[in-house]
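Everything on this sheet refers to the single structure shown next.
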2 protein chains.
Amino acid sequence: MLRLRPLAIALLLSSAPAIAANKPTSIAAADLETAAHLRDQALHDDTAYDFVAGITTEVGPRLAAGPNDAKGREWTIAKFHAFGFDKVWTEPVTYPKWVRRSEHGEILAPHAQPLVLAALGYSAGTPAGGLDAEVVGFPTLDAFKAADPASVRGKIVYVGARMHAHRDGRDYGIGSAVRTGGPAIASHKGAAAFLLRSAGTDDNRLPHTGVTDFTGATPIPAAALSSPDADLLERMLAAGKPVTIHLALDCGVEGEYTGANVIAELRGSKKPDEYFVMGGHLDSWDPGTGAIDDAAGVAIAAGAAKLIAGLPKRPARSIRVVAFANEESGLFGGKAYAQAHKAEIAKAVLGSESDAGADRIWKITASVKPQARDAVAQIAAVLQPLGIEYDASEPGNGGSDLSAVHAVGMAAVSLHQDATRYFDWHHSANDTLDKIDPEQLRQNVAAYVVTAYLAAQAEGDFGSKPGAWANEHE
Amino acid sequence: MLRLRPLAIALLLSSAPAIAANKPTSIAAADLETAAHLRDQALHDDTAYDFVAGITTEVGPRLAAGPNDAKGREWTIAKFHAFGFDKVWTEPVTYPKWVRRSEHGEILAPHAQPLVLAALGYSAGTPAGGLDAEVVGFPTLDAFKAADPASVRGKIVYVGARMHAHRDGRDYGIGSAVRTGGPAIASHKGAAAFLLRSAGTDDNRLPHTGVTDFTGATPIPAAALSSPDADLLERMLAAGKPVTIHLALDCGVEGEYTGANVIAELRGSKKPDEYFVMGGHLDSWDPGTGAIDDAAGVAIAAGAAKLIAGLPKRPARSIRVVAFANEESGLFGGKAYAQAHKAEIAKAVLGSESDAGADRIWKITASVKPQARDAVAQIAAVLQPLGIEYDASEPGNGGSDLSAVHAVGMAAVSLHQDATRYFDWHHSANDTLDKIDPEQLRQNVAAYVVTAYLAAQAEGDFGSKPGAWANEHE
């Protein structure tokens, strides 16, 4: 037994954090071997698929604060218990309750035609009986921003920006900017309502809903047209005659709702207070059943954790799975988690959320301290047979809700799904189980189980500490 | 001037038909050259695309007997006049008027979920307030046919037969058999209602409507589920607990309606009473705007005729374009045309209708007299640069409505469109302009203009004569 004198102890204690912070984080060979075994096991395990099939069949759409919000939570809690987690609990999440009752649109002139559209989250309703107004069209959000308010006052603004499919889904930046920002600008300019070409990459007559942001603006009616309906409207606008639309949206905010994040944990064998966190969000938009967005994310994390639960011994650190509440209307689950856990954020050693469907993961990126980059490379080496490359040139914010946790100091990795087809289905009625390929989903679980297990076993941390991550590291 | 004696004249007249019938039909080299020129011109002409864009934008859905039936007809008559036809007229078509007012379905148990469905043409409505009944599922129509009536009495029958995509669209035989025949069988067995997996090849949450046939049966409520909804129902059925559905269809037959075939003609310069006939049908199902089914067919024929109208001289025979009324609910337009013209069917020397979308034509087949096969081969040689092969081993019935005309004696060719994607969109809300590739559509017009011009110029006929074609030739 080594005995230290009091001074030596004091010195050691005071320098310990500095030493730990400077020492490269590393992963033992035996752990890499176990991770490779878990990876291969995952490629033959359909726990995640069965989870998505179950929740989409037995619960269905899970609009935040909607009739299935609690049902989805209870279903998930029961499933987490069945998966053998050591602890399952919930943490409250409170947010405004937005309700969609009905929506209807039609072109009145110059050629009467029905329109297929979906109200956006936080859209105001129209007056009872709807409103009729002329449409003013813009090809891009910038063109609309530059418009003289007098040209749109009392009219329906339409913005027709287009997205194209890319593996990295980058055009969602275009579509989501129009959807999120356009309606408030229209409100400020005095428009009667706002329509957009759906933020999607498909040509189906199915609109893509999604949230908009009226912070600082008076909510007005706002809806997305399906791509063929946007084409139709644009053809009429291009013909030069005034285009008049009848819009009737019955929707709006009805007070507040308190839901919950559902959290499950495998308790670490050596450092139970430290944990790797992964997950997805439990809420979905209502036209589909929320399979790719985001039952898949919760299922991937739960499927990975269940494989780790099957090991003879718990890993050193805990493994935490979070099924976040209400991601869709403003990252409420992630923000609540960050708020509740920011004081002990250093214990959240690393995190990664899956929220881009279930197509193959092709890239890992990380926002970790420099001394942990080699450990990420070690993880990436085990992921490599899955077709995943480590792109050390880009940060990884951990994904949607966990980006809010990352923002308060948690180190994060991002496992990037191929998003080529994701925005064909995202936020539309087409977000259903059949869009998930079981083989692709298994590859996702394989990537998560490797990352989770190795983060939980790593010698040294990844740089999590309280404070704004961006200021500290980037 | 040649003068003949009376006896010689008598002999000539009496033997003329036999001589004409036996002499091989042929096409002159100069005509082949003109046809090749028309073909190449068609590849740079967007008349057909502009037609489809116009009618889908300015008229929209054209449900037979629906609010746009007359509007579509008037739009087309005006367009035909503008295209320079020598004569445009209508011929009445009378049929039962079926009306779709609203449709709603949901699974009540074991897991409440909304269902996306579309009532079938001729479906009965449910009682006011809808009906609730347990579902009995069958994988195929044959399995349902074999079912004991006691097992389905008072229940909702579901048949989940699947179609796969093929260039020749052959699986529509599976889907349309379920849709057309299933509901009447369900009625005979005492079922409360009938549901099917949409007769389609896509995975969109958009149902494919279409006609069903209650001849000899009492109409019952009948509807098609979208593919993801069919999957959902099948998963619940597979789980083994009783599945109950609430179905509320407000639809049904409301007396009769008289619409019309719209017919346009370029008058032949030598044999104006004889004609080549081509066309499509003007009616469409109501969820989409009827672009591929079948504005495209009318547009292809009109675009081809317009190119021929631009020649310095009219071809020997007339060129007739027919925009048929109500093909969708039972070939009413084609049958009316056949009835009105069967006495002079020998004058309809050849016909071909386009009713399988607007993807590239890849094959020509013909039902002509043996002595006209060489002429078809001559036509096919001009089509060959378009990627079209002549398959002499199969008949060609002329397509949907014209099959009814072929059945009473008209010789026919079929120009087969690639149907790989057609049943992704067919009869659904996805039948919109964006599904048409202008380049593919031009290839279609090129094929039709060649066929029309050469049939109108051919020396000799193709075998049309009054009577049932099949009995005479096949």
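The values are calculated or read from the model by the stated rules, or taken from the named source; none is laboratory data. Everything quoted here is computed from the prediction, not taken from an experiment. Because the Cβ atoms are built from the backbone with ideal geometry, glycine has one as well, and the counts that use them run over all protein chains shown.
The single condition from (1) more than 10 Å from chain A (Cβ to nearest Cβ); (2) under 21 Å from the mean Cα position of the chain (by Cα) that residue B:71 fails is (1).
Do any strands (runs of 3 or more DSSP E) lying entirely in region A:194-295 carry at least 1 residues that are within 14 Å of another protein chain (Cβ to nearest Cβ), and which ones are they?
Working: elements: A:222-225, A:244-266, A:271-281.
Because the criterion is at least 1 residues that are within 14 Å of another protein chain (Cβ to nearest Cβ), the strands (runs of 3 or more DSSP E) in region A:194-295 that meet it are A:222-225.
Among the residues of region B:351-360, are any within 18 Å of the chain's Cα centre (by Cα), under 25 Å from residue B:53 (Cβ atoms) and within 14 Å of another protein chain (Cβ to nearest Cβ)? No, because not a single residue in region B:351-360 is within 18 Å of the chain's Cα centre (by Cα), under 25 Å from residue B:53 (Cβ atoms) and within 14 Å of another protein chain (Cβ to nearest Cβ). As for region B:308-318, it holds at least one residue that is over 21 Å from residue B:410 (Cα atoms), part of a helix (DSSP H, G or I), touching a residue at least 24 places away in the same chain (Cβ under 8 Å) and touching a helix residue (DSSP H, G or I) at 6+ places or on another chain (Cβ under 7 Å). Here residue A:273 qualifies as over 26 Å from residue A:43 (Cβ atoms), of a type in the set (Asp, Glu) and not assigned by TED's automatic domain parsing to the domain that holds residue A:152.
Please go through region B:46-65 and give me each residue that is outside any helix (DSSP H, G or I) and buried (at least 20 other Cβ atoms within 10 Å of the Cβ), ordered by number. Write out each step before concluding.
Quick first cut of region B:46-65, residues outside any helix (DSSP H, G or I) only: B:46, B:59-65.
Passing the criteria: B:59, B:60, B:61, B:62, B:63, B:64, B:65.
Every listed requirement among (1) under 28 Å from residue A:61 (Cβ atoms); (2) in contact (Cβ under 8 Å) with a residue 12 or more places away in the chain; (3) buried (at least 16 other Cβ atoms within 10 Å of the Cβ) is met by residue A:144 save one, (1). Candidates in region B:74-97 are the residues that are under 15 Å from residue B:297 (Cβ atoms) and not β-branched (Val, Ile, Thr); of these, the one that is nearest to the other protein chains (Cβ to nearest Cβ) is B:79. Each residue in region A:75-85 was checked for being surrounded by 14 or more Cβ atoms within 10 Å (Cβ to Cβ) and part of a helix (DSSP H, G or I), and 5 pass. Of a type outside the set (Asp, Glu) and closer than 21 Å to residue A:61 by Cβ - does that describe any residue in region B:118-125? Scanning region B:118-125 turns up at least one residue that is of a type outside the set (Asp, Glu) and closer than 21 Å to residue A:61 by Cβ. Close Cβ contacts (under 7 Å, 6 or more residues apart or on different chains) running from residues in region B:58-79 that are within 12 Å of residue B:290 (Cβ to Cβ) to residues that are assigned to a helix (DSSP H, G or I) and polar (S, T, N, Q) are absent.
Yes/no matrix, rows are residues, columns are (1) at pLDDT 95 or above; (2) touching a Lys or Arg at 6+ places or on another chain (Cβ under 9 Å); (3) surrounded by fewer than 24 Cβ atoms within 10 Å (Cβ to Cβ):
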| residue | (1), (2), (3) |
| --- | --- |
| A:242 | yes, no, yes |
| A:269 | yes, yes, yes |
| A:274 | yes, yes, yes |
| A:280 | yes, no, no |
| A:288 | yes, yes, no |
| A:304 | yes, no, no |
| A:310 | yes, no, yes |
| A:328 | yes, no, no |
| A:337 | yes, no, no |
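Take residue B:238 and decide whether it is among the hydrophobic types (A, V, I, L, M, F, W, C), within 28 Å of the chain's Cα centre (by Cα) and at pLDDT 95 or above. The answer is no for residue B:238.
Taken over region B:161-193, residues that are more than 30 Å from residue B:362 (Cβ to Cβ), outside any helix (DSSP H, G or I) and out of contact with any Ser or Thr (no Cβ under 8 Å at 6 or more places or on another chain) amount to 4. Of all the listed residues (A:134, A:103), the sole one being away from chain B (no Cβ under 14 Å), touching a Pro at 6+ places or on another chain (Cβ under 8 Å) and assigned to a strand (DSSP E or B) is A:134. Per the conditions (1) closer than 26 Å to residue A:166 by Cβ; (2) without any contact (Cβ under 8 Å) to a residue 12 or more places away in the chain, the sole criterion not satisfied by residue A:196 is (2). At least 1 residues being farther than 16 Å from residue A:278 by Cβ, of a type in the set (Phe, Trp, Tyr) and away from every other protein chain (no Cβ under 14 Å) is the threshold, and among the helices (runs of 4 or more DSSP H) wholly inside region A:367-474 those reaching it are A:422-425, A:469-473.
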